[in-house]
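Read the figures in this text as sums done on the coordinates, not as results from a lab. Treat the numbers as computed from the prediction; the structure is a model and nothing was measured. As a convention, Cβ positions derive from the backbone with ideal geometry for all residues, glycine included, and neighbour counts pool all protein chains shown.
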Amino acid sequence: MQKIKIIFFGTHSFASVILQSLINDERFEIEKVITQPDKPVGRKQILQKSPVKILAEENNLPVEQPESLKNYELLANGSELFIVAQYGLLIPENILNIPKFGTINTHTSLLPKYRGASPIQSAIFNGEKETGVTIMMMDKGMDSGPILSQKTVDILPDETYIELDTKMAQIASELLLDTTLKYVAGTIKPQTQNEAEITFCKKLDRDDGKVDWQKTTQEIYNQYRAFTPWPGVWTTWNEKRLKLLEIRPSGKKIEAGQVQIENDTMYIGTKNTSIEIQKLQLEGKPAMDAQVFVNGYKNINGQNIAN
């Protein structure tokens, strides 16, 4: 069988798993990899390569890192297909239409549900019991192209974004390879999305992590599972941001927003019960276990956390 020549677009860890599966499969030839520019990280703003760039360089694949694709001249030397996974930049229609077989995207929801930038986080945040992977054709709209295949994925009760993202990456890799080969062979056809079932999800920002203690314990726990590590969940105390790094539901009934310390264990009340705080970080201080924190800030006991 003649190899399918592709250009791969991707940036994050999920995308690197997809890229690795394509590298491992001898039926594909990767002409080049397009990823986002290196990003400054930390207080020293040290430039950091994306997981996709690191993997591409390890496998001696050519890498390009345009700041934008708006006026980008992409040279595709015979590539028949473009494959996209968590790339993060808008790909113009003129680039999508370059290859013979168009451009395929790996989307982490059961489209048309959760079109947009945060489908995994949104599914967890909203308390969904399942989500899925969609292999689709890309068009000029946002996640609006026709569907090639889908696979449902269960969301476990305590599963976090990182855990679900990792699980879905492996499932997506297998589905992508199988679907792509069938699509190129002409044995499956794209199916138009049902416009009546469309829902959208937003790009996350830091304020999405602010906890409203008038919500239920499950709602707050879902917020924690969805938004850890980014943007993280947090509240305020004494006009300082208090990050909640590790929490779990508690059946203890406490007034919403009130802090209660029992046997060096820290709880904060919710609409119906409470959350047990296991690890946290006060603004300007290092992260610490809750037991260490309450020993240093005993005056927090009985206080109300700001909403």
Provide the FRET efficiency to the nearest 0.05 for the residue 303-residue 263 pair, computing r from the beta carbons and using R0 = 22 Å. 0.75
Within a Gaussian network of the chain (alpha carbon springs, distance under 10 Å), most fluctuating of 135, 198, 104: 198
With θ set to phi - 60° and the Karplus curve 6.51 cos²θ - 1.76 cosθ + 1.60, what are the ³J(HN,Hα) couplings of segment 215-231 in order, to the nearest whole Hz, using x for Gly and Pro? 8, 6, 4, 5, 5, 5, 5, 4, 4, 4, 4, 6, 10, 9, x, 10, x
Just to confirm a number: summing +1 for Lys and Arg and -1 for Asp and Glu over residues other than residue 14 whose beta-carbon lies under 11 angstrom from that of residue 14, what do you get? 0
Extension gain (nm, one decimal) between residue 291 and residue 178, 0.36 nm per residue minus Cα-Cα: 35.7 nm
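Expected output is a single nm value to one decimal: the length gained when fully extending between residue 151 and residue 129, i.e. 0.36 nm times separation in residues minus the C-alpha distance. What is it? Please report the intermediate quantities before stating the final value.
On the way: separation 22, 0.36 × 22 = 7.92 nm, distance 1.42 nm.
Gain on stretching residue 151 to residue 129: 6.5 nm.
Under 1.5 on a/c is rounded, so check that first for segment 117-218, then, if it is not, pick prolate when a/b is larger than b/c and oblate when it is not; a ≥ b ≥ c are the square roots of the alpha carbon gyration tensor eigenvalues. The partial results should precede the final answer.
Working: a/c = 2.62, a/b = 1.80, b/c = 1.46.
Here segment 117-218 falls in the prolate category.
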With +1 at each Lys and Arg Cβ and -1 at each Asp and Glu Cβ, the charge dipole magnitude of segment 49-110 around its Cα centre, to the nearest 20 debye, comes out at 120 debye
Could you state the number of Å between the C-alpha centres of segment 225-280 and segment 65-141? 36 Å
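Between rounded, prolate and oblate, where does segment 206-300 land on the alpha carbon gyration tensor, with a ≥ b ≥ c its root eigenvalues, rounded for a/c under 1.5, else prolate if a/b exceeds b/c?
Details: a/c = 1.56, a/b = 1.05, b/c = 1.48.
Cα axes put segment 206-300 in the oblate bin.
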Considering amide H positions built from the backbone, and no H for Pro or chain starts, which residues 5 or more places from residue 148, or on another chain, come under 5 Å of its amide H? 135, 136, 137, 191
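Calculate the dipole size of the chain relative to its Cα centre from +1 charges on Lys and Arg beta carbons and -1 charges on Asp and Glu beta carbons; express the result in debye to the nearest 20.
Roughly 500 debye for the chain.
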Full-stretch length increase - residue 158, residue 44 - with 0.36 nm per residue and alpha-carbon distance subtracted: 37.6 nm
Determine ³J(HN,Hα), in whole Hz, for all residues of segment 193-207 in sequence, where each value follows from phi through the Karplus function 6.51 cos²θ - 1.76 cosθ + 1.60 and θ = phi - 60°; x replaces Gly and Pro. 5, 7, 5, 6, 10, 5, 10, 10, 10, 9, 6, 6, 9, 4, 5
Send over the Kirkwood Rh of the chain, from the inverse of the averaged 1/r over different Cα pairs, rounded to one decimal Å. 21.3 Å
Distant-in-sequence amide H partners of residue 153 (H built 1.01 Å from N, under 5 Å): 131, 132, 133
Give me, ordered by chain and number, the residues 5 or more places off residue 266 or on other chains with an amide H under 5 Å from its own placed amide H. 277
Between residue 191 and residue 283, the FRET efficiency computed from the C-beta separation at R0 = 45 Å comes out, to the nearest 0.05, as 0.35
